[in-house]
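Novice: Before I ask anything, let me first share the structure, which is written out below as structure tokens.
The values are calculated or read from the model by the stated rules, or taken from the named source; none is laboratory data. Keep in mind it's a predicted model, so treat the numbers as computed, not measured. Quick reminder, even Gly has a Cβ in these numbers, built from the backbone with ideal geometry, and neighbours come from all protein chains shown.
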Amino acid sequence: MEITGVVVRKLTFENRMRAVVSITLDDMFAVHDIKVIEGANGLFVAMPSRKTMEGDYKDIVHPINSEFREKISSVIIEKYKEELAKYRAELDSAGEASPSDSED
């Protein structure tokens, strides 16, 4: 299974969530609402989830093995960094201050 598309739908700097991302697998299956989160040890990817009646969160979709999870995470974080760099360049060219992000 190949990741054939990654779209950063939203960049945010208001809390630990840094982006909302969608991916396409094999040009046939899309997964939306994947989140890039700034954690204590750097960026990580959180799969789409829902809150259970007990108050826990359960992933709606997720990779079955750690190899594919790492592949998805690395592709998403790389795309996030590219989009963040573009966003900052646009702000710089407009003379606006870039939001701080410990990811640099």
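Novice: Among the numbered criteria (1) modelled with pLDDT of 95 or more; (2) of a type in the set (Ser, Thr, Tyr); (3) part of a loop (DSSP other than H, G, I, E, B), which single criterion is violated by Ser100?
Specialist: With (1) modelled with pLDDT of 95 or more; (2) of a type in the set (Ser, Thr, Tyr); (3) part of a loop (DSSP other than H, G, I, E, B) applied to Ser100, the lone miss is (1).
Novice: Consider Ile23 against the criteria (1) in a helix (DSSP H, G or I); (2) within 10 Å of the chain's Cα centre (by Cα): it satisfies all of them except one. Which criterion is unmet?
Specialist: All conditions pass for Ile23, except number (1).
Novice: Failed condition for Asp33, given (1) loosely packed, with under 12 Cβ neighbours inside 10 Å; (2) assigned to a strand (DSSP E or B); (3) on the phi > 0 side of the Ramachandran plot, with all others met?
Specialist: Unmet for Asp33, out of (1) loosely packed, with under 12 Cβ neighbours inside 10 Å; (2) assigned to a strand (DSSP E or B); (3) on the phi > 0 side of the Ramachandran plot: (1).
Novice: Looking only at the range 41-84, count how many residues are closer than 21 Å to Asn15 by Cβ and either touching a residue at least 60 places away in the same chain (Cβ under 8 Å) or within 16 Å of the chain's Cα centre (by Cα) (or both).
Specialist: Within the range 41-84, the first condition is being closer than 21 Å to Asn15 by Cβ, and the residues that meet it are 41-51, 55-57, 59, 73, 76-77, 79-81, 83-84.
Pick out the ones that are also either touching a residue at least 60 places away in the same chain (Cβ under 8 Å) or within 16 Å of the chain's Cα centre (by Cα) (or both) and you get 41-49, 59, 73, 76-77, 79-81, 83-84.
The number of residues fulfilling the criteria is 18.
Novice: Cβ contacts < 6 Å: first residue touching a residue at least 12 places away in the same chain (Cβ under 8 Å), restricted to the range 19-30; second residue among the aromatic types (Phe, Trp, Tyr) and surrounded by 11 or more Cβ atoms within 10 Å (Cβ to Cβ), any location; separation 6+ or different chain. Result?
Specialist: As it stands, the answer is Ala19/Tyr80, since those pairs meet every condition given.
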